Structures are given as C-alpha cells and as structure tokens.
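Okay, so here's the structure we're looking at.
The values are calculated or read from the model by the stated rules, or taken from the named source; none is laboratory data. Quick caveat: nothing in here was measured; it's all calculated off a predicted structure. Glycine also receives a Cβ, built like all others from the backbone with ideal geometry; neighbour counts cover every protein chain displayed. Ligands, DNA and RNA are stripped out before the accessible areas are found, and what is left, the full protein with its side chains, is counted by its heavy atoms. Shrake-Rupley method; radii C 1.70, N 1.55, O 1.52, S 1.80 Å.
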Amino acid sequence: MEVVLASSSVDGGIGCWDLHTGAEQLRYKSCTSPSHGLISVGARFIASSQLRDDPAATGYVLYWSWSKPQVEVKSFPTEQIKPIAANHPGTYIAGGAPSGDIYLWEVETGRLLKKWRAHFRAVSCLVFSEDDSLLVSGSEDGSVRVWSLFMIFDDLRCQQASNLYEYSFSEHTLTVTDVVIGNGGCNAIIVSASNDRTCKVWSLSRGMLLRNIVFPSIINCIALDPAEHVFYAGSEDGKIFIAALNTESITTNNYGMHIIGSFSNHSNQVTCLAYGTSENLLITGSEDGMVRVWNARTRNIVRMFKHAKGPVNNILVVRRENDSSNHISSNVQASSRKQGSNLPPPLEKYANSIDDDLDMKTMISLGGGRRFVDPSYLSSHVISNYIKELQHQGSAAASEMEMEKLKHDYQKSVQMANQLKKMNENLHQFCVKELLDGGQARTLDEDQN
C-alpha cells in the first residue's frame, strides 16, 4: 500500500490516506510539526519533531506506530530540533537545531552517536543520499553543506581535517528552504531552493554549481522527477513551476531561463511537494489546508485530501508492506517492553560516555563479510563486534602481505649480494692479472738491460 502522510504547524494531527484509492486511514493525534519535521523511519513507524512556544525549551520528538493513533514514544533532546531525516533502512535519525548543530542518533538504542557544528545559523533542512553515505544540510545562513558519514565517524580524520564537510556551497544569499538529492551517491546532483528566489543545481562529482535558475516568486519546496529530467518548485504565489535539469533551455515564456512551465490550483502558497513511488504522481501541500494529487504528465488533479486543521507543511509518500508494523527486531522489542510499546526507546539527550571505553565505531554499511547481518536494525554493539572480527581478518591479511614483502626483499638482497660477490671476484682476478702482467714486464726490462 502506498500512503500519503500530511502534517501541520497547527495541532491537527497527521492525516493518512491511500494514495491510489483516496481512502482515509488512521489520523495520528497530537502533532505540531515544523517544515521538514515529519519522517517515516524505514517505513516501520512515523516520527516528527515538534514546535515549542518557548525558544529556550528542550527539543521534542514523537513516535507513532502505524496501528495506533496515539503518541507512543516521546524524546526530549537538549535543544529544539526542527528538520529531521532518517536513512533508508531506518537505522539512524539526524536532526538539525537552531544553534546550527546536527545530531545523529541510532534508532534501535536511542544513543546519541554524534553531534557537530554544521552551520553558523539554524539548520533548515536535511536529506540523506540514495546510498546513505552522505547527509546534505541547508541553513538559514544560506549555505548548503555535504557531509560524508564515513568522515563524521572517523575520529582521526576529523581531528586532522580543517573542515568536516565534503563541500560547502554558499552562493545562496538568504535562507535555504529545501534541498533534494538525486541518484548516484557521490556522483549525484543536488538541487537547493532559497528565499532569494533562486534554485541552484550542484554537481557532487565536480563540487561546483551547474545551473542557477531565477524564479518570479520565493520557492518553498522542490521535488525531483524520478528520471531527473526536470524538477518541480512550489512557490509562495501558489504556482508549481517546472524547471529543466539536463537540457539547454531557452527563454520561451515570461518566467526566464530553464523554466519550462507552471500550473496551479492552490489558493495559497505551496509549502511541500512529494513524488509517488510507483506512478507518475506529484503530491502538493499548501497553506490552504489541502493536499492535491496531480498527474505529472497531464498536470490534472487526480484527487484531493483535506487536512483536519491548519496549513499543510509536510507531505510524505510511504510504501507500506503488509507486515511493516510488526517488522522490528527482537532487540527493539526487548528494549521497549518496559514502555509497553514495540517502538524503539526515546532518543538520548546526551552522548553516553559509559560506552566510550568500548571504542565503538559506527559503520554506514557492512559489505564483503561472510556473515549475513539483519538490515532491520544494526546496533552499535553488534557493529562493534563485527568490526573487531573484520579488523582481525584485516590484521591477518596485513601480516601475510608483510611476510610476502619481506620474502621479496630477502630475495632481492641475496641477488644483490651474489652480484657484489661476482663483481668482487672479477675485480680480484683483474688486480691479480694486472700485478702478474706488471711483474712480467719488469722482469723482461731487467733482462734486456
């Protein structure tokens, strides 16, 4: 089943509809989410950061299971968290703070794995790359930064590096409102939107700006066409613009270079966009409280959903498996049993220094091993043991390579010694011959005299 989730900055809960039939599913209660504050964690459960009236208040992150409308798990990070993102398997949650810090938690245990200063001002949006090796952040300081999680988890490289980020793109002049990343991992493109009325297309492989597109209105949100031929941009004036990505577009309308069209049916600004995972459907949310499903090819409205209350500021499209609500590791169930929930425990407020002596390392993916690891959740304890095994295997391999190198060096040394011995013998024979020849010459001279 493919469902649409929608939330609001007003406490109207989270609406949930079947994308293809339009049937309303459960309405999840008690949610006042900021923009980019609603996620599905590995399609297993729903999580949302929450707006707080007091700017100095601690953070507030909530979990809902698919089968219950009530909040089941509450977390209270040290500071307010607005944008949140989860990697595709649902093993990690990243959160951006007004301080400019990014927090990274392990889902199964709730452990705070990393926290680092990412921006000078508040983090406004977060997204993981397709292969989950990169985290891209946008900020109110106008910058877009790309973080390699391999770098973030490598303490030695972090200490030696002048900057933690892979790239820092700072061409936007105002707040970055949205960031999306295409397919291809480190070779993907990034598209960013800003209050400066531009969208910029970046190349990760070259680390440079590919295209700057100026719009007639502020762009709040963007969505990539799955084929990455175009992207859609939702604006404050209620229009949805279509911009070309990989073609040289000339100005053929009143909008400007690379903007190839627009459509609209919203009575207020478009605040969020999402693309269907199975069909060519574009889903839009607006401050008018409506969710519209468009046929992206014909640009006709297929169906509409009305959110219970307030403007819509987040939309998700999630493909749910029939057993997704029950597909959770036994470790999670055991750790959450005390709370009477099958969901993971709350996110930790502080990093747990108790486990520092274990020298735990967290890996983004484990490849090349002989043993199968359940991808549902990867505990740092499991990963730590697995890493030790890999390190042991690596040490044995390194020792074997070193032995081969020593054998090779020894053979070269023996060969060189034999060559020197041969040269020494030749030199000795030459000297003896010269001495004998010299002696014979002197004897002949004496006889002649």
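Seen through its C-alpha gyration tensor, with square-root eigenvalues sorted a ≥ b ≥ c, the range 70-150 comes out oblate because a/c lies at 1.5 or above while a/b is not bigger than b/c.
Pairs exceeding a 20 Å alpha-carbon distance, out of Lys74/Lys306; Lys114/Lys349; Lys82/Lys239: Lys74/Lys306; Lys82/Lys239. Apolar share of the accessible surface for the range 146-251: 48 percent from carbon plus sulfur atoms, 1.4 Å probe. Couplings 3J(HN,Hα) for the range 131-139, derived from phi with the Karplus relation 6.51 cos²θ - 1.76 cosθ + 1.60 (θ = phi - 60°), are 8, 6, 8, 10, 10, 10, 10, x, 9 Hz, where x marks Gly and Pro.
For Glu166, the residues 5 or more places off, or on other chains, whose built amide H falls under 5 Å of its own are Val146, Trp147, Ser148. In percent, rounded to a whole number, the relative contact order of the range 2-319 is 13, using alpha-carbon pairs under 8 Å and six or more apart. For the range 80-90, backbone phi angles converted through the Karplus equation (6.51, -1.76, 1.60; θ = phi - 60°) give residue-by-residue couplings of 5, 10, 9, x, 9, 8, 10, 5, 5, x, x Hz, Gly and Pro being listed as x. Packing, taken as the mean count of other beta carbons within 10 Å per residue, orders the peptides 311-318, 290-297 from highest to lowest as 311-318, 290-297. In this structure, the amide hydrogen of Gly261, modeled 1.01 Å from its nitrogen in the peptide plane, lies closer than 5 angstrom to those of Ile242, counting only residues at least 5 positions away or on a different chain. Rounded, prolate or oblate: which fits the range 2-319 when a ≥ b ≥ c are the square roots of the eigenvalues of the alpha-carbon gyration tensor, with rounded for a/c under 1.5 and prolate only if a/b beats b/c? Oblate.
Straight-line reach from Lys412: taking Cα to Cα under 25 Å and skipping same-chain neighbours fewer than 8 places apart, the lysines in range are Lys421, Lys422. Annotation: peptides 160-172, 181-193, 34-46, 409-421, ranked by per-residue average of other Cβ atoms within 10 Å with the highest first, follow the order 34-46, 181-193, 160-172, 409-421. For Phe76 and Met257, the FRET efficiency from 1/(1 + (r/R0)^6), where r spans their Cβ atoms and R0 equals 45 Å, is about 0.40.
Expressed as a whole percent, the proportion of Cα-Cα pairs in the range 130-275 lying more than 20 Å apart is 48%. Around the amide H of Thr271, modelled in the peptide plane, lie the amide H atoms of Gly285, Ser286, Glu287, all under 5 Å away and 5 or more residues distant in sequence or on another chain. Taken one residue at a time, the phi angles of the range 62-77 give Karplus couplings (6.51, -1.76, 1.60, θ = phi - 60°) of 10, 10, 10, 7, 5, 8, 10, x, 7, 5, 10, 9, 10, 10, 10, x Hz. Gly and Pro are set to x. Ranked by the mean number of other Cβ atoms within 10 Å per residue, highest first, peptides 143-151, 197-205 order as 143-151, 197-205. The residues of the range 2-319 expose on average 37 square angstrom of accessible surface per residue, using a 1.4 Å probe on protein heavy atoms.
Of the accessible area of the range 1-98, computed with a 1.4 Å probe over protein heavy atoms only, carbon and sulfur atoms account for 52 percent.
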